[in-house]
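Reading through the structure tokens given below for one structure.
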2 protein chains.
Amino acid sequence: MDDAAPAFRPLYRQVRDALVRRLIDGAWTPGMLIPPEHRLAAELGVSQGTVRKALDAMTAENLLVRRQGRGTYVATAEDGRILFQFFCLTADDGAPVFPESEVLRRTTARATARERTALALPTAARVHRIERVRRLAGRPVISERIAVPEARFPGLAALPELPNNVYALYAERFGLTVGRAAERRKAVAADETTAARLGCTPGTPVLEIERTALSLDGSPVEWRLSHCLTDAFHYAAELR
Amino acid sequence: MDDAAPAFRPLYRQVRDALVRRLIDGAWTPGMLIPPEHRLAAELGVSQGTVRKALDAMTAENLLVRRQGRGTYVATAEDGRILFQFFCLTADDGAPVFPESEVLRRTTARATARERTALALPTAARVHRIERVRRLAGRPVISERIAVPEARFPGLAALPELPNNVYALYAERFGLTVGRAAERRKAVAADETTAARLGCTPGTPVLEIERTALSLDGSPVEWRLSHCLTDAFHYAAELR
DNA sequence: AAGTGGTCTAGACCACTAA
DNA sequence: TAGTGGTCTAGACCACTTC
């Protein structure tokens, strides 16, 4: 039984989908100023109020940034969007911390079964892998492995350097915006490799975060597994 | 410097605040059908569109539930509101799980320094404490200690039984609605007590969740510390 | 002064529920 | 059939930014 049939999509939703399509297709790029409401309304043949409702929805999804008197901009990976939407580790005393990254290994190989499942890849598909350590206040706190489909990131292996914020890289080099992500968190004992990278003893409890990041069209584009030391840091979140 | 000055509050925001006030004061109670938009608009002397915007905001905050053709209801702690807004532990295979609770101890005593800080209580204030184990699929998975100010929950100690969902109890018996909560999560080693309650060995990595729940007026009303076994379960969340 | 988004209004019509 | 929320429109005015 297929319950995916929308049956009826309100106009503002159709407008929203059409505008998201412009982001997916790359017609609108991060940081860009988009046309004013009244222009979009005329273009699409709907009222300004309907366009507004669509833009408000996209703003709520962190896809746009609106500034009174200036205009509406496509969100970039720096608009507070990524760095605190997708990075939630905080010092216990509340001091603001900036993560730095050190890439340890980069490889390209056939995807494992787990990677294929997470990324919805066919058998024999290949992935790029990045292993890195992230430091907070100079101290290694996160060890993570990132896997992305080779097919969606052609030439990633050839890049000489990787930036701290890979989601900004995905957007700028590959025109790919991460819209949302699903996380699974557990407490596990640090294995040998993790312990060595984090400078703790094997068996130390670490927070394991498995994240699948989804593109704007809903397809998985990145799978990462992180292990975090939480003796002096914690994962902060607000439930509402 | 006090930056709390609102300077200008739009009308729909004032309407929203006035209606939230009805929830705080208990004029509107969980499950109740509230007056239709046009009536509220006439009552408050604003347009129906402005009332709608206020009601939509409250719906987004999970305070109201709107049903086309029927009306707008005050959310209850069962409206999917609590059980999956505030309970995020899931089986790894994705099977739906229902938590059951077994209360182990209930005490009333002077608040510790940590409890006073979390609950913004004066020196010498007293708290009720509840210690319980929660089971998923029959297996003990969460050990937690809950602390609430005695002053806001008079007679809590005298209640013969405590329900599985304490937020529903807070609402029904004490007219207190939890609007949001802040969480801090860590990975720690299970201590003796936790290990005994969860049926694991001391030192096992467990997910520690420290939660402060806030009332609708923003004041802290509950502080809890939970320790979760995550060998067959995980804490699930969506980032967007 | 001109242009943008933000707020507020008034009213029409649609979709759903209940009696 | 009557009453509810849901959608859509058109237009007025306000607040902010830029020139």
Shielding of A:226-237 by partner chains, average beta-carbon count, 10 Å: 4
Taking the Cα atoms only, what angle lies between the long axis of helix A:11-25 and the longest principal axis of chain A, rounded to 10 degrees? 50
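Mean shadow of the protein assembly as shown, computed from the convex hull of its alpha carbons, in nm²? Walk me through the numbers on the way to the answer.
Details: hull surface 108.5 nm².
In nm², the orientation-averaged hull projection of the protein assembly as shown is 27.1.
About its Cα centre, how strong a charge dipole does the protein assembly as shown have in debye, to the nearest 20, once Lys and Arg get +1 and Asp and Glu get -1 at the Cβ? It would help to have the intermediate numbers written out before the result.
Values: 68 positive and 58 negative charges, 121 e Å.
Dipole of the protein assembly as shown, to the nearest 20 debye: 580 debye.
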Radius of gyration, Dmax [the stretch A:58-155; alpha carbons; angstrom]: 17.6, 52
Under a plain spin-label model, where a point goes 7 Å from the Cα along Cα-to-Cβ, how far apart in nm are A:A182 and B:R114? 3.4
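Rounded to the nearest 500 deg cm²/dmol, what is the calculated helix-only ellipticity per residue at 222 nm for chain B, with -39500 (n - 2.57) per DSSP H run of length n ≥ 4?
On the way: 7 runs with 64 residues, N = 240.
About -7500 deg cm²/dmol.
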Taking 2.2 N^0.38 Å as the expected size of a compact globular protein, what ratio does the Cα radius of gyration of chain B give against it, to two decimals? 1.14
Partner lysines whose C-alpha sits under 23 Å from that of B:K186, ignoring same-chain residues fewer than 8 away, are A:K186
A correct Karplus calculation of ³J(HN,Hα) over the stretch A:47-60, with 6.51 cos²θ - 1.76 cosθ + 1.60, θ = phi - 60°, whole Hz and x for Gly and Pro, returns 7, 5, x, 5, 4, 4, 4, 5, 5, 4, 4, 5, 5, 5
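What does the structure give for A:178-184 when I average, per residue, the other chain Cβ atoms found within 10 Å of the residue Cβ?
Per-residue shielding by partner chains comes out at 4.
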Reachable lysines from B:K53, Cα under 27 Å, same-chain residues fewer than 8 places away excluded? A:K53
Alpha-carbon radius of gyration plus Dmax, which is the widest Cα pair, for the stretch B:114-155 in Å: 13.4, 41
Potential extension, A:D92-A:L33 segment - 0.36 nm per residue separation minus Cα distance: 17.4 nm
Could you work out how far the C-alpha centroid of the stretch A:1-71 sits from that of the stretch B:18-69, in angstrom? 28
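Can you figure out the FRET efficiency of A:D25 with A:T107, using R₀ = 30 Å and their beta-carbon distance, to the nearest 0.05? Could you put the intermediate results ahead of the total?
Details: r = 31 Å, r/R0 = 1.05.
It comes out at approximately 0.45.
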Work from the charge dipole of the protein assembly as shown (Cβ charges, +1 for Lys and Arg, -1 for Asp and Glu, about the Cα centre) and give the residue of A:P96, A:T29, B:I34 farthest towards its positive end. B:I34
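We did not get these values from a lab; they are worked out from the coordinates using the rules stated. The structure displayed is predicted, hence computed values, not measured ones. Positions of Cβ are generated from backbone atoms using ideal geometry, with glycine treated the same way; all protein chains shown enter the neighbour counts.
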